[in-house]
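Some notes on the structure that comes next.
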Amino acid sequence: MIDEVIEKCRQLRFKACLEHLPQVIEMAADKNWSPLQTMAHLFDLEIELRWQNKIAACYKKSKLTEKPTIDQFDFNYHPSRKKQKNKIVDLTTLQFLADHQDIILIGNPGVGKTFLAKSIAYAATQAGKKVLFTTAMDMINHLIAAEADHSLLKKLHLYQSQELLVIDEIGYLPLGQQGSNLFFQVISHRHEVKSTIITTNLPFAQWGNIFDSTTVATAIADRLVYNSQIFILEGSSYRKRSSQNN
């Protein structure tokens, strides 16, 4: 009889039940479990396995290459970090996703913007959220390539459908007219529907240097600022100091 049940578990793709069925049956006999208790335990194992598989898939698809956590962030390095600590830590609860808020991290290179963005993104993957991490230029280059081979709608959907999209390093290079228009399409579609995290080395007043025109820059900034949390990280490069100390 057990072989028949194992085969049915295989057909139904109940991997945890398939793996643990003999041990659970033995445990149930030792503990005098009822059939319902035995079934409930098997289903709990199956649900846990599927949840862990989902988390693993979310992390893999996120394009994160590391697993940073907020407890690794040195909040004592600069007063601007310490002053905003509670609000920054609160981001890892992911309530901002439910509120469809955007997060803007502004500061000079090396002050911790990318680390914080990755920490929040990693926390989101561990909650089973659909996440994608990308740099601004990488996203634009992929969109321009997609436009050239007539797959733009599919590629736009990739960026527009994420529960959390992290766009890193806005401001290091100008995006040009085509890139600016494509960036606007992504942000406009996500506005008040999905959450976006932006890291930038430039204040909003200088975004005309990034995008093709002040008009486009203003339109993008207006959407990002509305219903967002903005964090300004000050001080010299923490990354550079750490490198010198090593």
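The values are calculated or read from the model by the stated rules, or taken from the named source; none is laboratory data. Source: prediction; values computed, not measured. Cβ coordinates were reconstructed from backbone atoms using ideal geometry, including for glycine residues, and neighbour counts include every protein chain displayed. These area figures cover heavy atoms from the full protein model, side chains too; ligands, DNA and RNA do not enter into them. Shrake-Rupley method; radii C 1.70, N 1.55, O 1.52, S 1.80 Å.
In a residue-by-residue description of the stretch 196-216, the property of being of a type in the set (D, E, K, R), open to solvent by less than 10 Å² (accessible area, probe 1.4 Å) and touching a Ser or Thr at 6+ places or on another chain (Cβ under 6 Å) applies to no position.
Scanning the stretch 116-140 for residues that are more than 12 Å from the chain's Cα centre (by Cα) and either surrounded by 23 or more Cβ atoms within 10 Å (Cβ to Cβ) or assigned to a helix (DSSP H, G or I) (or both) yields ALA136, MET137, ASP138, MET139, ILE140.
For the stretch 86-97, give me each residue that is part of a helix (DSSP H, G or I) and open to solvent by less than 90 Å² (accessible area, probe 1.4 Å). Talk me through it step by step, then tell me what you get.
Here is the first cut: in the stretch 86-97, the ones part of a helix (DSSP H, G or I) are 86-93, 95-97.
Selection gives ILE88, VAL89, ASP90, LEU91, THR92, THR93, PHE96, LEU97.
Scanning the stretch 15-58 for residues being touching a residue at least 40 places away in the same chain (Cβ under 8 Å) and either open to solvent by 50 Å² or more (accessible area, probe 1.4 Å) or of a type in the set (Lys, Arg) (or both) gives a total of 2.
Going through ALA136, ALA146 one at a time, which residue ends up being under 26 Å from GLU234 (Cα atoms) and at pLDDT 95 or above? Please lay out each step first, then the result.
Values: ALA146 fails: under 26 Å from GLU234 (Cα atoms).
Being under 26 Å from GLU234 (Cα atoms) and at pLDDT 95 or above holds for just one of ALA136, ALA146, which is ALA136.
Could you tell me which residue of the stretch 141-166 is surrounded by the most Cβ atoms within 10 Å (Cβ to Cβ), considering only residues that are in a loop (DSSP other than H, G, I, E, B) and in contact (Cβ under 8 Å) with a residue 24 or more places away in the chain? Steps first, please.
Keep residues of the stretch 141-166 that are in a loop (DSSP other than H, G, I, E, B), which gives 149-151, 161-163.
Checking the rest, the ones that are also in contact (Cβ under 8 Å) with a residue 24 or more places away in the chain come to 161-163.
On the way: SER161: 14, GLN162: 23, GLU163: 17.
The extreme case among them is GLN162.
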